[in-house]
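Read-outs throughout are calculated quantities, based only on the coordinates presented, and are distinct from any laboratory measurement. In this text, all values refer to a predicted model and were calculated from it rather than measured experimentally. Quick reminder, even Gly has a Cβ in these numbers, built from the backbone with ideal geometry, and neighbours come from all protein chains shown.
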Amino acid sequence: MSEESVGGTAQQEPADDGGGEPAAVVRLTAFVAGRVQGVGFRWWTRARALELGLTGSATNLADRRVQVVAEGSREACEALLDLLRGGATPGTVDHVAEQWGNARGEIGFLER
């Protein structure tokens, strides 16, 4: 499989929020600064995102940051954000800036 392979093509169904209603699907965009290019960071992020049932992408930016886009439940996106900030990533994360928005229907998880 190539580096940009999709990690599954099924559209994610929103999880039940415990009250019988599907949980809202959100979009997290995280800009990760530090030594995060050339160290397996995007691969690691993709693996964690897929474990959490998220869709999206991890993209190297020209300014040496990685942009992580993840869609799924708010809880799963927050768990990924915690992992990005948690100190167990490849390389070194100095700072993570986050933005939240409405899901756009990402499918799979790409490394770019």
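A few comments on the model shown:
- Residue that is nearest to residue 25 (Cα to Cα) [pool: residues in segment 95-109 that are out of contact with any helix residue (DSSP H, G or I) (no Cβ under 7 Å at 6 or more places or on another chain) and either of a type in the set (Val, Ile, Thr) or buried (at least 16 other Cβ atoms within 10 Å of the Cβ) (or both)]: 103
- So residue 89, is it polar (S, T, N, Q), free of Cβ contacts under 8 Å to residues at least 60 places away in the same chain, touching a strand residue (DSSP E or B) at 6+ places or on another chain (Cβ under 9 Å) and not in a strand (DSSP E or B): yes
- Pair list, Cβ < 7 Å and 6+ apart or interchain, from segment 92-104 residues that are in contact (Cβ under 8 Å) with a residue 24 or more places away in the chain and outside any strand (DSSP E or B) to residues that are surrounded by 11 or more Cβ atoms within 10 Å (Cβ to Cβ) and basic (Lys, Arg): 103/27; 104/27
- Test for residue 92: is it among the hydroxyl-bearing types (Ser, Thr, Tyr) and more than 13 Å from residue 31 (Cβ to Cβ): yes
- Unique match (being polar (S, T, N, Q) and surrounded by 15 or more Cβ atoms within 10 Å (Cβ to Cβ)) among 92, 55: 55
- Within this structure, residue 66 fails the test of being more than 12 Å from the chain's Cα centre (by Cα), closer than 12 Å to residue 31 by Cβ, aliphatic (A, V, I, L, M) and surrounded by 13 or more Cβ atoms within 10 Å (Cβ to Cβ).
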